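What follows is one structure encoded as structure tokens, with my remarks underneath.
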Amino acid sequence: MAHSPSSRPPFLRNWLVWVAGFLAFPVAGLIGGVVVGRVDDTASALIGGAVAGLVIGVGQTLASSHRLQAGRWIPATIVGMGAGLFLGATAVDYRTSLADLALMGALNGLIVGACQAAALPRGVPRRWIWGAVVPLLWALGWTVTTLLLIRVDEQFIVFGASGALVFAALSGLALYWLVPSRPNAHTPASLPTTTATT
């Protein structure tokens, strides 16, 4: 008797893989920091944000269980992070109080979310929800990092591992709801089967 595996992968496995992708955020911050140092002017915001966006975009694509398309998601994250960090950081004049970083995060996330929402696979309905959720979670990421007394006065490019973990856990729920399975996937059930004869 042949059994057809479900074409919809288990939620928990996909969610945990996405959550593990939070590691891309501290790596992005470290690499971006090496390239530009502190985010304290226009050039550091634009370049540092773009570098971090590249790392985050790659990390999220790898952690998406093939639900995100690298050719769309990575460029969108690069542009969103570069422009978003520039907008957010200049809006608060590069200050690092809790309120300033929450606002910077919301503005950064607004641009990242809009770019990434446009880069979701074709045919995904309600993609605007991703654009609405990301600014809130980006602000939350900075809030968590600040409340845990991380040295945010060093003007990091992106929130730390603690904020990234919260972001990944909550954004993973939104992503799974919007893109529950790999788009245009060929299901294993379509493979030819042989019938045993006795």
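Please treat every number below as a calculation from the coordinates, not as lab data. Because the structure is predicted, anything quoted here is derived from the model rather than measured. Positions of Cβ are generated from backbone atoms using ideal geometry, with glycine treated the same way; all protein chains shown enter the neighbour counts.
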- Item | Helical contribution to [θ] at 222 nm, DSSP H n ≥ 4, -39,500 (n - 2.57), averaged over the chain, rounded to 500 | -21500 deg cm²/dmol
- Message: Give the residue list of trypsin sites (Lys or Arg not before Pro) in region 114-153 that are DSSP loop and have at most 13 other beta-carbon atoms within 10 angstrom.
- Response: R122, R126, R151
- How do the peptides 159-170, 88-99 rank, highest first, by the average count of neighbouring beta carbon atoms within 10 Å per residue? 159-170, 88-99
- Can you give the Kirkwood hydrodynamic radius of the chain from its Cα pairs, in Å with one decimal? 17.3
